[in-house]
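The values are calculated or read from the model by the stated rules, or taken from the named source; none is laboratory data. Note that this is a predicted model, so its numbers are computed, not measured. Cβ: placed from backbone, ideal geometry, glycine included. Neighbour counts: every protein chain shown. Accessible surface areas use protein heavy atoms only, side chains included; no ligands, DNA or RNA. Shrake-Rupley method; radii C 1.70, N 1.55, O 1.52, S 1.80 Å.
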There are 2 protein chains.
Amino acid sequence: MNKEREIFIRFLEKSGLKATAQRATVLDIFLKTEKHVSADDLFSLVKKTNTEIGHATVHRTLKLIKAAGLAREVDFGEGKKRYEHLFGHKHHDHLVCLKCGKTIEVLDPKIEKLQANLASGHGFKVSHHRLEILGICKSCQ
Amino acid sequence: MNKEREIFIRFLEKSGLKATAQRATVLDIFLKTEKHVSADDLFSLVKKTNTEIGHATVHRTLKLIKAAGLAREVDFGEGKKRYEHLFGHKHHDHLVCLKCGKTIEVLDPKIEKLQANLASGHGFKVSHHRLEILGICKSCQ
DNA sequence: CTTGATATTGACAATCATTTTCAACTACAT
DNA sequence: ATGTAGTTGAAAATGATTGTCAATATCAAG
């Protein structure tokens, strides 16, 4: 967590941006939640301890956190972005339950490998990928 | 194409909905474009031949086309939905170029198989999945 | 072919997520 | 301490999509 803060500060410096109290607050609260938060989720969490921070700032800061390499955008097809931690977390894909919304993080190295092959076979230089398997989880069946 | 029209009509009947000229027009133009169209793309295409159709109708009709099983929603993370043909098209995944926006449809049965195994290993009953590999295509490198 | 119940339409307003604008404010190098 | 340049919150703007509603069209029944 202090490591993440340091990375963020360093990213801001390097980009000629400023380390403000609002940015620190948003980052801290983001780091405390181990969920896939939307900007609005995070805004609600932030509001609990600090009524002064506007939602535009939360959006702006999430972009920065992502740019700093501390978060990844995920999209469960809801029409809004969600963010998850990236630092100290290995890449993974998601199983998303269509009933209860629960997500399970999964990883299959064989799939990852095959995906890379598939892309390079088409001359593609991969930046990243997105795999979501949607269905009904065990407890919802 | 006539097959698709028939499926659509049958779907409307079965659902107690009406076969209107607007719906026929939107469907026809959708079937003519072999692209991943957004509602607004399609609205522009429709407007070329028929100025009378509103954008709300295009949105509504795309939903119906999807419900009829003739289209699939795809999401390239642009904050809007795109639709692609489903009838007579096998399932596939996408390579999306981040520079020119071009998409290549790909399929690897081994990946599909592994995905199914991965999900069932977690007790998941799969409804569908979404795989997009984002990167830079050959000609944009 | 007329009718009538019901679905549909387009225009417009509303909504939701996100971004922009802008004047007041703050960080931080000097 | 100070000036410059980035930052903030509030409010307005944007873009995609959906809801409202009065006028209109569909289609089964007579």
For this session: Note down the relative contact order for chain B as a percent, whole number, built from C-alpha pairs under 8 angstrom at least six residues apart.
Result: 19 percent
For this session: Using a 1.4 angstrom probe, figure out how much accessible area the range B:12-141 has per residue, in square angstrom, rounded to the nearest whole.
Result: 55 Å²
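Give me a single rounded figure for A:85-94: the average over its residues of other chain Cβ atoms within 10 Å of their Cβ. Could the numbers behind the result be given before it?
Details: counts 0, 0, 0, 0, 0, 0, 0, 0, 4, 2.
Mean shielding by partner chains, rounded to a whole number: 1.
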Exercise. For label points placed 7 Å from Cα toward Cβ, what is the shortest-first list of nm distances from B:C100 to its copies?
Worked result: 4.7
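Compute for chains B and A the buried accessible surface, both sides summed, probe 1.4 Å, and express it in Å² to the nearest 100. Show your work: numbers first, answer last.
Values: alone 9630 and 9620 Å², together 16010 Å².
For B against A, buried area totals roughly 3200 Å².
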Problem set entry | Top of B:G77, B:G101, B:G121 by mean-square fluctuation, Gaussian network on chain B, Cα under 10 Å | B:G121
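Which order do B:R82, A:R23, B:R10 take when ranked by solvent-accessible area (1.4 Å probe, heavy atoms of all protein chains), largest first? Walk me through the intermediate numbers first.
Working: B:R82 35, A:R23 60, B:R10 140 Å².
Solvent-accessible surface, decreasing: B:R10, A:R23, B:R82.
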For this session: Tell me, for the rotation carrying B onto A, which chain B residue has the beta-carbon closest to the axis and what that distance is in whole Å.
Result: B:L131, 2
Problem set entry | Within the accessible area of the protein assembly as shown (1.4 Å probe), percent carbon and sulfur | 53 percent
Exercise. Tell me, what is the percent relative contact order of the range B:63-141, built from C-alpha pairs under 8 Å that lie six or more residues apart?
Worked result: 27 percent
Exercise. What's log10 of I(q)/I(0) for the protein assembly as shown at q = 0.08, 0.10, 0.14 Å⁻¹, Debye sum over Cα points only, no solvent?
Worked result: -0.44, -0.67, -1.16
For this session: Between the label point of B:A19 and that of the same position in each other copy, find the distances and list them shortest first in nm, with every label point placed 7 Å from Cα along the Cα-to-C-beta direction.
Result: 6.9
